[in-house]
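Chemist: Below is one structure. I have some questions about it.
The values are calculated or read from the model by the stated rules, or taken from the named source; none is laboratory data. Predicted model, so just to flag it, every value in this text is computed and none were measured. Every residue, glycine among them, receives a Cβ derived from its backbone with ideal geometry; neighbour counts consider all protein chains shown. With ligands, DNA and RNA removed, areas are computed over all heavy atoms of the protein, side chains included. Shrake-Rupley method; radii C 1.70, N 1.55, O 1.52, S 1.80 Å.
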Amino acid sequence: MTQQHPHPTPSRPGQPGQMTAVMRAVAPVTGPKVLRIGLVQGGKVIEERVIKQRTHVTIGPSEKSMFVIPSKSIPPSFRLFELVGGEYFLNFLDGMTGRVAFKSGVSELAALKGSAKRVPAGNAQAYQIQLSEEARGKIVVGETTFLFQFVAPPPVQPKPQLPVSVRTGIASDIDWTTTIIAAFSFLFHFGAVGSIYSDWMDPVVDDEVDVAQLLESVKQLPAPPAIEQPKENADAPAATAAPVAEAPKAPSGGGNKGAAAGPAKGGSGGMSDARASALTNELAQLDMQMLGALNSSGNATASVLSSGDVPTGLLENAAASGSGVGKGGVAGLNMGGAGSGTVRPGAAGGGGLASIGNTGTSGPATAGSTQVVKGPVGNAQVGGAAVSGGSVSNAPSIVAGMTAGFRRCYNKGLQEDPGMKGSVRITAKIGPNGEVMSATPSGGSGLSGTVISCVVARVQSAQFAPPEGGGATVVIPVTFVSQ
């Protein structure tokens, strides 16, 4: 007896199960190939990425780049692989190295520059070559290496879905009978609790009746008893008003008038010119007495006037004493005059202090005059700048702006050698971004090393416009002549 196997019933189109997720995953993928890029640093592959969507691949130090690399020799977001009209093109700069394998063979980037198309890339100029889907190779940018090739796009992953048993079993597993009973029980108990806290069993309140009863009760209230005022309190205002009415009278004597005027005058806080002059004279006398006391105790007057190291006790004793400066020799000064009295401010007689500074001649003595000798002044003459290797748009204006700096360098050198003069030529190499990569002097006959190094430093600090072609050389002739 043979066993018959049932034949599976073919599923109709449009029903679930016609094509499983596994069959869709192994279905062939058609379409253009996509880029597969590997990032190598230090001999190790640190990142590998498949660009599923055909788009531009950018590199650079900017955070917006697809591959961020710390390199200042490339623009912030440089398109290494550019998509033009559905085809990929490779862009590379002068500082990049590597090789590309085509159907015809392997070529170095340096050999491809002759046949490549030049396109602008920010402030620099890049070389562009077209890539086919069979091309592969590597591009070295500084310490980072990019490996690339074209591969078939990965298959589209199916959207994850829940099993059929899970999607249709939630509603079927509910016990609807128990659910309905629980719902009605909840509504019943909730309604009972709500009716307990409601006011439907409270008596009806009539506002008009309540207001009428309140008014009747107010009318029946007894009147408050009258308050009797004490007699002593009633007589108090009359007693207190009498002292107020009695105001003291000012006497008519002249003494009180003068006494009142005195405080008013003194309260103004002013000082007359005579009083200020008297105080100034007293302070001057105190200074002279201080010098006399210090001279008598052996301390030089110069110590007071210059160093100020005289003890405070001597100053207090001088202020309390009545002595002054004698007319004789005080610390080597001839005060002039006859007698042994003291010198007071404003006192005349003899030569006094008026003869201090005379050297024995009849005319007034002078301290002399100082004449400043002016040194030579240098001038810097800058010739026309010669530009080669590329065009720099603002080279004449930048070189002309260096004249003031060259003149300062020459004037500093004239302070060491007033007769110095000569000329020098500075050869400056301009980088892709307009910066001065190097500055080399030549000639420099008759100039010191300090002046030449100062001129080179001024050229290295200049900033030119980005040259066309990625680089340029500027030769700056400078002639220094003293005036």
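Chemist: How long is the gain from Ser107 to Leu215 if the chain were fully straight, where each residue apart is worth 0.36 nm and the alpha carbon distance is subtracted?
Modeler: My answer for the length gained is 27.4 nm.
Chemist: While we're on this one: Could you sort 403-410, 104-111 so that the peptide with the highest average Cβ count within 10 Å comes first and the rest follow in order?
Modeler: With the highest mean Cβ count within 10 Å placed first, the list reads 403-410, 104-111.
Chemist: In the structure displayed, which of Lys44/Lys138; Lys64/Lys138; Lys33/Lys117; Lys72/Lys117 lie more than 21 Å apart, Cα to Cα? Let's see the in-between values first.
Modeler: On the way: Lys44/Lys138 14 Å; Lys64/Lys138 23 Å; Lys33/Lys117 24 Å; Lys72/Lys117 24 Å.
From Lys44/Lys138; Lys64/Lys138; Lys33/Lys117; Lys72/Lys117, over 21 Å: Lys64/Lys138; Lys33/Lys117; Lys72/Lys117.
Chemist: Can you give me the accessible area per residue for the range 38-193, using a 1.4 Å probe, in Å²? Walk me through the intermediate numbers first.
Modeler: Numbers: 10190 Å² over 156 residues.
Result: 65 Å² per residue.
Chemist: Order these peptides, 211-223, 425-437, by their mean beta-carbon neighbour count within 10 angstrom, highest first. Mind dumping the intermediate values first?
Modeler: Numbers: 211-223: 7.9, 425-437: 18.8.
Descending packing order for the listed peptides: 425-437, 211-223.
Chemist: Provide the FRET efficiency to the nearest 0.05 for the Lys52-Phe184 pair, computing r from the beta carbons and using R0 = 56 Å. The partial results should precede the final answer.
Modeler: Numbers: r = 57 Å, r/R0 = 1.02.
Using R0 = 56 Å, I get an efficiency of 0.45.
Chemist: Can you send over the carbon and sulfur percentage of the accessible area for the range 39-100, probe radius 1.4 Å, protein chains only?
Modeler: Details: 1780 of 3480 Å².
Heavy-atom surface of the range 39-100 belonging to carbon and sulfur, 1.4 Å probe: 51 percent.
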